[in-house]
Amino acid sequence: MEDSNKIQAAPCCGTDNSKNKGTCTCTLSNMDTVKSAFPIIGSINTPAGIVPQIATRLTFQDILDTWKARWDINRMDYRILPGLYAVGLPDSKSPVLVSANYKMSFDRLRQELGGLNLWILVLDTKGINVWCAAGKGTFGTNELVNRIALSRLAEVVAHRRLILPQLGAPGVAAHEVLRLSGFKVVYGPVRAADIVKYLNNGLKADTGMREVRFGFKDRLVLTPVELTGALKPALIVLGLLLIINIIFHGSLAVFQVLSRTLTDFLPFLGTAIVGAFLVPALLPYIPGRALAWKGWLLGLLWIGAYLWFLIPSRNWMHASAYLLILPPLASYLAMNFTGATTYTSLSGVLTEMKVAIPAQIISVGLGVLLLIAKWTVLGP
Amino acid sequence: MKQRYLKNVVTLELDPGKCIGCGMCLEVCPHQVFRLESGKAQMDNRDGCMECGACARNCPTEAVSVRAGVGCAAAIIFGKLRGTAPCCGESGAGSGTGCG
């Protein structure tokens, strides 16, 4: 109960800017959002009002929330209230960090800040992470300048310097922010894990801090979203296979129909795992540069192995149909991973799509025709 | 292991005449595309550019230009279907991939 009283006095409630001037009372639903979002452990009195003080240790709930977002559960509704927050016991000389209101970004940042005294200005990025929000412009010059004014930051701190995550730079023009607000923007490291080192370095980022990496672990944590994305089309395929088996083998026992369906589904399941998991995991080790190509290649290897080892009576029409249909599906899934990578450009993706999409459609179309022809002649 | 994407596809351009050598593009680039050489920025690793647009946005003299956007196939397809710019699907639709 004590917590909610403090939150009620927080200077910022929700995204409606008109309500954020001066003091305001939060609605019950807003308080619920705050309470469930992260623990407020106290409050700091400032000339601009009371600022909530946040914890730097993640709770089990925070870790569970991150895990859920990785699996695409409520990932698009995973936000915290924008505004000014305190870490430790900051004063008018303490540094100001700027972050997004995607909870995972915010958690990443605050868990690095144990023992420090500073301010965090959270922008309203509609619950999107810093980099994607900067690309959309929600983590941008206008929102930053507005948020500085709404939080009355100039009254809270005596200095005029903001530390932004480097990945916010696509949306923020540092020279414009200086002109419009009087605050000088400096870009900190790419990763929150480097922020303490950066602060201790006298706000100097070394080359390693400036560079985006995309290592095995970085890629792996992104694959659950790819897998859940592939789940729906996979279930549709499973449904179709069941219908086909009921039509052609309806006279068999239920158990046999189901077992045939699952057997038929195996190559599709493997293809989904290849495109949504194996390609991201093995990305730099697969020859070639275009992601659609990498997916096609691995898909082809999988289907080749499947036909060779698991289908004893190889029928050429059946095999050709699978070779035409499945590698393009893996290619399509792998191509979609371009959105999660940290190195693919818009021009590059457009270039590969121009070739890949028609090729995928034609190949799958031919494969389906061949499969229908085979069923007509030989039955499934 | 460093990932490399397609060669000679990016739209990044640098006008040396406008460059004042402030070094802002070096600071914001996540792929170290730029280098400072005798008071001017130079493109060292143009193919490393992912067109995020940070350099162009933060260049005070507009010496750097690039068609910035999300290099995300799902976003491009979703945008095409809706007739909008590439978009990761704020409504949740088409959000299966991208913008993690």
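The values are calculated or read from the model by the stated rules, or taken from the named source; none is laboratory data. Everything numeric in this text was worked out from a predicted model, so none of it was measured. Positions of Cβ are generated from backbone atoms using ideal geometry, with glycine treated the same way; all protein chains shown enter the neighbour counts. The area values use the complete protein model at the heavy-atom level, side chains included, leaving out ligands, DNA and RNA. Shrake-Rupley method; radii C 1.70, N 1.55, O 1.52, S 1.80 Å.
Per the helix-only calculation at 222 nm, which mean residue ellipticity applies to chain A, given -39500 (n - 2.57) for every DSSP H run of n ≥ 4 and division by its residues, nearest 500 deg cm²/dmol?
Computed mean residue ellipticity for chain A: -17000 deg cm²/dmol.
For B:VAL66, what is the net charge nearby, where nearby means another residue's Cβ is under 11 Å from its Cβ and Lys, Arg count +1, Asp, Glu -1?
Computed value for this residue: +1.
Using protein chains only and a probe of 1.4 angstrom, how many square angstrom of B:THR11 are accessible, to the nearest 10?
50
Using a Gaussian network model of chain A whose springs link C-alpha atoms within less than 10 Å, name the residue from A:ARG260, A:ARG161, A:ARG191 with the highest mean-square fluctuation.
A:ARG260
Taking each residue of A:134-142 in turn, how many C-beta atoms of other protein chains fall within 10 Å of its C-beta, and what is the average?
3
Within the set A:LYS103/B:LYS2; A:LYS136/B:LYS40; A:LYS354/B:LYS7; A:LYS103/A:LYS136; A:LYS294/B:LYS40; A:LYS103/B:LYS7, which residue pairs have Cα atoms separated by over 27 Å?
From A:LYS103/B:LYS2; A:LYS136/B:LYS40; A:LYS354/B:LYS7; A:LYS103/A:LYS136; A:LYS294/B:LYS40; A:LYS103/B:LYS7, over 27 Å: A:LYS103/B:LYS2; A:LYS136/B:LYS40; A:LYS294/B:LYS40; A:LYS103/B:LYS7.
How high is the relative contact order of region A:218-378, given as a whole-number percent (alpha carbon pairs under 8 Å, six or more residues apart)?
Relative CO of region A:218-378 lands at 25 percent.
At 1.4 Å probe size, with every protein chain present, just tell me what the per residue accessible area of chain A comes to in Å².
46
Have a look at A:LEU252, A:LEU118, A:LEU307 and tell me which one the Gaussian network model of chain A (Cα, springs below 10 Å) gives the largest fluctuation.
Between A:LEU252, A:LEU118, A:LEU307, it is A:LEU252 that shows the largest mean-square fluctuation.
Please label the shape of region A:172-237 as rounded, prolate or oblate, based on the square roots a ≥ b ≥ c of the eigenvalues of the alpha-carbon gyration tensor (a/c under 1.5 means rounded; beyond that, a/b larger than b/c means prolate, else oblate).
Because a/c hits 1.5 or more and a/b fails to exceed b/c, region A:172-237 counts as oblate.
To the nearest 10 degrees, how steeply does helix A:291-310 sit against the main Cα axis of chain A, on a 0 to 90 scale?
Roughly 40 degrees, rounded to the nearest 10.
Under 8 Å for C-alpha pairs, at least 6 residues apart: give me the relative contact order for chain A, rounded to a whole percent.
10
Between the helical axis of A:316-336 and the dominant principal axis of chain A, each derived from Cα atoms, what acute angle in degrees is found, rounded to the nearest 10?
10
Please check: in the Gaussian network model of chain A (C-alpha springs, under 10 Å), which one of A:ARG79, A:ARG152, A:ARG289 has the largest mean-square fluctuation.
In this elastic network of chain A, the residue with the biggest mean-square fluctuation among A:ARG79, A:ARG152, A:ARG289 is A:ARG289.
Are there trypsin sites (Lys or Arg not before Pro) in region A:87-145 that DSSP puts in a loop and that have at most 13 other Cβ atoms within 10 Å, and which ones?
Those satisfying the criteria are A:LYS93.
Using only Cα atoms, find the angle between the long axis of helix A:60-70 and the longest principal axis of chain A, and express it within 0 to 90 degrees, rounded to the nearest 10.
Roughly 50 degrees between the two axes.
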